[in-house]
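The values are calculated or read from the model by the stated rules, or taken from the named source; none is laboratory data. What you are looking at is a predicted structure, and each value in this text was computed from that prediction instead of being measured. Positions of Cβ are generated from backbone atoms using ideal geometry, with glycine treated the same way; all protein chains shown enter the neighbour counts.
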Amino acid sequence: MSSPQVSKVGFEHHHDGFGLGYNRPRLCWRFTTSEDTLPAWKQTGYEIEVEWLSPSRPTKSFSVESDESTLVPWPAEPLSSRSRAAVRVRVQGRGNGETGSPRETSSEWSPPSIVEAGLLERDDWAASFIAHESEPSRSDRDDDELAPHPLRFRKKFKIDNSVTSSGSRARLYITSLGVLKAYINGRRTSDEEMAPGWTSYRHRLNYRVHDVTDLLKTDATNVIVVEVAQGWYAGWLGFDGGTRFNYGKDIGVLAQLEISADQEGSQPWRLCTDTTWAVKRSPIRSSSIYNGEVYDAPEDDGLEWSQPAQERDEQRGWSATRKLPWPGGELVAPDAAPVRVVQVVDAVSVFKSTGGKTIVDFGQNLVGKVRVQEINVPKDREVTLKHAEVMENGELGTRPLRLAKATDTVISAGEPLLQWSPEFTFHGFRYAQVDGLTDSDSPLPAKENFKALVMHTDMRPRGDFTCSNEMVNQLYRNIRWSMKGNFLSIPTDCPQRDERLGWTGDIQIFAPTANFLYDSTGMLKDWLQDLKAEQMEEEDFVPPFIVPSIPTPGWSHMPAAVWDDVLILTPYALYKSSGDRAILERHFESMRGWLEHGIRRDAVDGLWDRGHWQLGDWLDPKAPTDDPAGGVTDDVLVADAYLVRVTTAFADACKVLGKADEHAKYAQQATQLRHAFQHKYITSAGNLMSNTQTGIALALRFGLYRTERERETARARLEKLVRRAGFNIATGFAGTPAILGALASVGRTQLAYRMLLEKTCPSWLYPVAMGATTVWERWDSMLPDGSINPGSMTSFNHYALGAVAEWLHGTVGGISTAPNSGWRRIRVRPVPGGTITSAAISFDGPYGLVSCEWRLDGVKFSMKLIVPPNSSAEVTLPSEQGRQTMGATTPGRVVGSGTHNFTCGFDPGEWPPEAIIAPHREAPTKDIA
Ligand code: BGC
């Protein structure tokens, strides 16, 4: 029997420790185990070794008695700008030996992790932001020919031998006003896409660090070229025509190339952007996130990469640059990984549309761009790729894109074979219409001529779920794909139409699911800083609906529940999944500001002002096509339920932070608001004013009923509503995450399963039955007859309704984190049901791999559970869950790390549950997956 081993050390929530923005990063490690790892193992101490690589200093080891293995304090002297160290850890602990008696163990050293600080001080930057000297500011009309022309900035330079000693390192610190790709001697400096990403540039601008050591030549001329396009900085953003130049009119670049040696005190060699750099228009004629890109290949002589003669430069149109003022926002090293091409998807077919157009089908609705490859196209021929998520009447269904053209164009240079994808845009699509590639009478191009390059923030996948029901598995895959498609630099509502914006409500609803599927802590933590910055500059602490904010007439500044509640619920969700109190600390004032000043309250009861407009249970299936906020549940009731929830969450956050006075104050406020809610909306018999799936689900989930008797009324009401609806869903954004958990909480898990497994519209599986490969914005984005919903809110890639995955994780798969433990204490509580006879869930979390697999053989339930070292699990088996006792359960047992097998009997109860059908109606045929 041996000790668990430790993974490489991680730094804060940073993706890899390179270019870190912290001087004292907290450290984390996860545990790995094998068959003979000691069970019930708990850490008692750790040793950290910090080997200084640059500047070189003596290696130091630190020995700490502690059971903490996540976010432990940096033990050594602080990192300074550019400093590098190799960090490794080994742990001591105690587990159960063969005889069950405690045994002390020590792990091997983890493989070393290299940490390297970025530029931590403003003074580290000697470079200037530069722009084209004379490129005029262009029109803000919606015309990409008039938008800022993509530019190539260039500098030739020599490095002599004395600079590049052995072991020297070259780093490119770079950012742009726009989006960039950099090349040294013709080779990309990194594989990042859409860098440096979208932030609230007025407050924060990301810079990136690229290791370019291998790209430089000594004693020869080097060429660095940075190509910059408008991206989010100057490009068109927003619906109803939107606005351009939201952050500035000049696109520009800031780059600092440094070569450092390891000696203490030695100054790096530097090459900085300044007015000695030249600039010219890129052969990319225009590049727009919504409209796509136009690339004029014959105009690209490629000479930028080599070393053209000076005279030739003039002829080729190189111009001078000018300095731009340093921007107001702070330059930051993000924790989030960059956006990359994370996956390449093959085309599944190429076919002719009804009207004879060539259509490529990638078989998956995804986000990224198409690469056209290995095909002969005559010179000057224009090839266009128009993207769409769905087909309608045999043609591309582009209406849901609204004003976004989503069209890329390449003008062929003739030879060699065409090999092209756009550089600075992305689209949401499954289909691409290709025009101009071949003559109309030629055979169709081969599907091998097209690849879809899937782009998103390169997060670490960590959660997975499968079960015996293939349609539910497809739903789960769809949820993952919708997360991939909408985690591109910021969390967005949708990736295809003229929005792709950081709508706060959507991520508020989806964040708990997101944190399970991928380690999105770094990315969401970065985004939350923009949210806070934009909120805190408002006197009334009301955040914009969209972060980073852009002008949205009529929408910009309006307090609203559910959406603005992101201020409390999303930092809280990140804390819950990571255990990182610092996130709550950082957002404390922002949370409090929202509660104290942002919410427009009724003067008497402190709930929301009734006259105030709310988005309510956005897009419930009964909401009129042109009024997504006009659903069946009272919008203010939804807002008030959320108000009790966020006040309670804030009180909890105060407690976690040890702020006793604030905790007492807000806990009391939550109680008062709960009473006010009860007084206003719940009759003494327990009936809720909005007798709807969403109303009752929220009241149950947020603990708003007074007594068990009222909860019993709620159960009966909800049960009737669900049976009367024939198990179709009736919730929108607000109610969807709550409905199945609400049913399970009152002991009606089989009704929850019945809803989950319903296939007719509206339901989660209706889109699956219609062939969806992502989660739709509306329950019926595509109508049963295959036509696209006429509403303007009709995306086929919105993650919000995919928040049901939280229930799949916690109840079907059966694992979640116990409160305030950040996965150190795992709650294992699977509840089988419906037609599902087995499920397997895994989560590679802060302590290592949690896995739970169960199966039903008739009425016998068996389960295999793996608990990672230094954590424990509270296990409640289905037989212990009191199906008929309102879901009140106490954990059956607590187990330590290791592999555990359990069995028990299982009583499925009523299956399938009966719908309530009016006597004069015929019972519909059952459509259960
Ligand atoms: C977005 C939504 C968003 C909503 C709020 C829509 O246009 O796509 O997901 O939350 O507006 O108004």
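What are the residues in segment 207-221 that are in a loop (DSSP other than H, G, I, E, B) and charged (D, E, K, R), if any? Selection gives Lys217, Asp219.
Taking into account only those residues within segment 620-651 that are of a type in the set (Asp, Glu) and more than 16 Å from the ligand (Cβ to nearest atom), which is farthest from His597 (Cα to Cα)? Talk me through it step by step, then tell me what you get.
Restricting attention to segment 620-651, the residues satisfying the condition of being of a type in the set (Asp, Glu) are 620, 626-627, 634-635, 640.
Subsequent filtering for residues that are more than 16 Å from the ligand (Cβ to nearest atom) retains 634, 640.
On the way: Asp634: 24, Asp640: 16 Å.
It comes out as Asp634.
Restricted to segment 501-513, and to residues that are among the aliphatic types (A, V, I, L, M) and in contact with a helix residue (DSSP H, G or I) (Cβ under 6 Å, 6 or more places away or on another chain), which residue is surrounded by the fewest Cβ atoms within 10 Å (Cβ to Cβ)? Step by step, filter segment 501-513, then rank; the result is Ala511.
Among the residues of segment 533-577, those that are closer than 15 Å to Trp503 by Cα, out of contact with any Leu (no Cβ under 8 Å at 6 or more places or on another chain) and part of a helix (DSSP H, G or I) comprise Glu534, Leu569. Scanning segment 4-45 for residues that are within 16 Å of Pro846 (Cα to Cα) and assigned to a strand (DSSP E or B) yields Gln5, Val6, Gly10, Phe11, Leu27, Cys28, Phe31, Thr32, Lys42, Gln43. Scanning segment 707-725 for residues that are farther than 16 Å from Asp620 by Cβ and either among the β-branched types (Val, Ile, Thr) or not in a helix (DSSP H, G or I) (or both) gives Thr707, Thr713.
No other residue among Leu205, Leu180, Leu237, Leu257 is within 16 Å of the ligand (Cβ to nearest atom), of a type outside the set (Gly, Ala, Ser), in the same structural domain as Lys323 (by TED's automatic domain parsing) and buried (at least 23 other Cβ atoms within 10 Å of the Cβ) apart from Leu237.
If you go through segment 794-833 and pick out every residue that is in a loop (DSSP other than H, G, I, E, B), under 19 Å from Tyr476 (Cβ atoms) and within 16 Å of the ligand (Cβ to nearest atom), you end up with 4. Being part of a loop (DSSP other than H, G, I, E, B) and either assigned by TED's automatic domain parsing to the domain that holds Leu584 or farther than 26 Å from Arg778 by Cα (or both): is that true of Val636 here? No: the conditions fail for Val636. May I ask you to list pairs of residues, at least six apart or on different chains, whose Cβ atoms are under 6 Å apart, with the first in segment 787-805 being within 12 Å of Pro624 (Cβ to Cβ) and the second being within 9 Å of the ligand (Cβ to nearest atom) and part of a loop (DSSP other than H, G, I, E, B)? Correct list of pairs: Met793/Pro628; Met793/Glu777.
The set of residues in segment 422-474 being among the charged types (D, E, K, R) and assigned to a strand (DSSP E or B) consists of Arg430, Asp435, Lys451, Arg460, Asp464.
Output the residues belonging to segment 345-362 that are buried (at least 16 other Cβ atoms within 10 Å of the Cβ) and either outside the structural domain of Ser440 (by TED's automatic domain parsing) or under 32 Å from the mean Cα position of the chain (by Cα) (or both).
So in segment 345-362, the residues buried (at least 16 other Cβ atoms within 10 Å of the Cβ) come out as 345, 347, 350, 357-362.
Result: Val345, Ala347, Val350, Ile359, Val360, Asp361, Phe362.
Evaluated against (1) among the charged types (D, E, K, R); (2) under 13 Å from the mean Cα position of the chain (by Cα); (3) away from the ligand (no atom under 15 Å from the Cβ), Glu539 falls short on exactly one condition, (2).
When Glu499 is tested against (1) over 11 Å from the mean Cα position of the chain (by Cα); (2) of a type in the set (D, E, K, R); (3) at pLDDT 95 or above; (4) part of a loop (DSSP other than H, G, I, E, B), exactly one condition is not met: (3). Taken together, His663, His679 contain a single residue that is touching a Lys or Arg at 6+ places or on another chain (Cβ under 8 Å), farther than 20 Å from Val562 by Cα and either at pLDDT 95 or above or within 16 Å of the ligand (Cβ to nearest atom) (or both), which is His663. Just one residue in the set Leu698, Leu704 is under 25 Å from Val562 (Cβ atoms) and assigned to a loop (DSSP other than H, G, I, E, B); that residue is Leu704.
When restricted to residues that are touching a Pro at 6+ places or on another chain (Cβ under 8 Å) and away from the ligand (no atom under 14 Å from the Cβ), segment 767-778 contains 1.
Kindly establish whether Lys379 is closer than 22 Å to Ser440 by Cβ, in contact with an Asp or Glu (Cβ under 8 Å, 6 or more places away or on another chain) and surrounded by fewer than 19 Cβ atoms within 10 Å (Cβ to Cβ).
Working: closer than 22 Å to Ser440 by Cβ: yes; in contact with an Asp or Glu (Cβ under 8 Å, 6 or more places away or on another chain): yes; surrounded by fewer than 19 Cβ atoms within 10 Å (Cβ to Cβ): yes.
In short, yes.
If you check Pro571, Pro543, Pro548 for being under 21 Å from Glu806 (Cα atoms), modelled with pLDDT of 95 or more and either of a type outside the set (Gly, Ala, Ser) or not assigned by TED's automatic domain parsing to the domain that holds Glu12 (or both), only one passes: Pro571. When Pro913, Pro869, Pro924 are checked against the criterion of being part of a loop (DSSP other than H, G, I, E, B), within 21 Å of Leu756 (Cα to Cα), modelled with pLDDT of 90 or more and not assigned by TED's automatic domain parsing to the domain that holds Pro767, Pro913 stands alone in meeting it. Each residue in segment 382-404 was checked for being part of a loop (DSSP other than H, G, I, E, B) and surrounded by fewer than 19 Cβ atoms within 10 Å (Cβ to Cβ), and 4 of them qualify.
Could you check, for segment 159-167, whether at least one of its residues is more than 34 Å from the chain's Cα centre (by Cα) and under 25 Å from Lys323 (Cα atoms)? Among the residues of segment 159-167, at least one is more than 34 Å from the chain's Cα centre (by Cα) and under 25 Å from Lys323 (Cα atoms), which makes the answer yes.
Looking at Leu531, Leu517, Leu524, which is the one that is within 16 Å of the ligand (Cβ to nearest atom), on the phi < 0 side of the Ramachandran plot and touching a residue at least 24 places away in the same chain (Cβ under 8 Å)?
Working: Leu517 fails: within 16 Å of the ligand (Cβ to nearest atom); Leu524 fails: within 16 Å of the ligand (Cβ to nearest atom).
Result of the check over Leu531, Leu517, Leu524: Leu531.
Per this entry, Gly485 is counted among residues that are closer than 20 Å to Pro338 by Cβ, within 14 Å of the ligand (Cβ to nearest atom) and outside the structural domain of Gly10 (by TED's automatic domain parsing).
Looking across segment 783-793, the residues that are more than 10 Å from the ligand (Cβ to nearest atom), assigned to a loop (DSSP other than H, G, I, E, B) and not acidic (Asp, Glu) come down to Leu783, Pro784, Gly786, Ser787, Asn789, Pro790, Gly791.
Looking only at segment 475-496, how many residues end up being outside any helix (DSSP H, G or I), of a type in the set (D, E, K, R) and surrounded by 24 or more Cβ atoms within 10 Å (Cβ to Cβ)? So the count comes out to 0. For segment 560-574, does any single residue satisfy the condition of being within 15 Å of the ligand (Cβ to nearest atom), touching a residue at least 12 places away in the same chain (Cβ under 8 Å) and over 29 Å from Ser821 (Cα atoms)? The answer is yes; a qualifying residue exists. Taken together, Thr794, Thr811, Thr760 contain a single residue that is closer than 29 Å to Gly502 by Cβ and not charged (D, E, K, R), which is Thr794.
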